[in-house]
Amino acid sequence: MNQLNFLNLLLQRLPELERLHEEHIKDNDVLLPFVFLSEIVRYLEANYENDLDAKFLEELISLLNASFEEADDELKELISVSFLENLSKDNDIYQILKNNFSNALKKELSLYDY
């Protein structure tokens with residue numbers, strides 16, 4: 001799987017991200033994968049306490065796990081650098097994500113344990 005396939009799949013399976021995507025395109029004129037994925041992290045952290053549906057979170061984790069396993073090198077880098085590295089350990093969602101990540105994602109996340 002490549003970056004474009006992954007991002008299209010995210011938008012297909014998680015319609016809650018459509019508004020964020022529209023704002024991203026409005027602000028940047030084009031889709032910037034590294035920026036957009038980091039915006040999704042900020043969205044998660046900002047909305048975890050209030051608005052996030054459990055099914056949304058389950059689907060996101062499932063997509064990340066499966067996509068990372070099937071990813072080409074560019075997509076692995078995108079997920080690692082733009083999603084995992086941007087997760088704040090101080091946010092409650094960090095532990096939930098970590099506990100539900102595949103072994104491959106947990107191993108990649110451990111690169112940022114400093």
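Would you mind ranking GLU16, GLU22 by Cβ crowding within 10 Å, fewest neighbours first?
On the way: GLU16 16, GLU22 10.
Least crowded to most crowded, the residues run GLU22, GLU16.
Sticking with the crude label model, points 7 Å out along Cα→Cβ, report the distance from LYS26 to GLU59 in nm, one decimal please.
The answer from the label model is 2.2 nm.
Taking the number of other C-beta atoms within 10 Å as the exposure measure, put GLU85, GLU49 in order starting with the fewest. Numbers along the way, then the final one.
On the way: GLU85 14, GLU49 10.
In increasing order of surrounding Cβ atoms, one gets GLU49, GLU85.
Once R0 is set to 25 Å, what does the formula 1/(1 + (r/R0)^6) return for the Cβ-Cβ distance between GLU49 and SER110, expressed as a FRET efficiency to the nearest 0.05?
Values: r = 26 Å, r/R0 = 1.04.
Step by step, r from the Cβ atoms, then E = 0.45.
With a Cα-only, solvent-free Debye model of the chain, what are the log10 I(q)/I(0) values at q = 0.11, 0.16, 0.23 Å⁻¹?
-0.32, -0.70, -1.58
To the nearest 20 Debye, how big is the dipole of the stretch 3-110 about its Cα centre, given +1 on the beta carbon of each Lys and Arg and -1 on that of each Asp and Glu?
Numbers: 10 positive and 23 negative charges, 62 e Å.
Dipole size: approximately 300 debye.
Bear in mind these aren't lab numbers, they're just calculated from the coordinates by the rules spelled out. What you are looking at is a predicted structure, and each value in this text was computed from that prediction instead of being measured. Neighbour counts run over all protein chains shown; Cβ positions are idealised from the backbone, glycine included.
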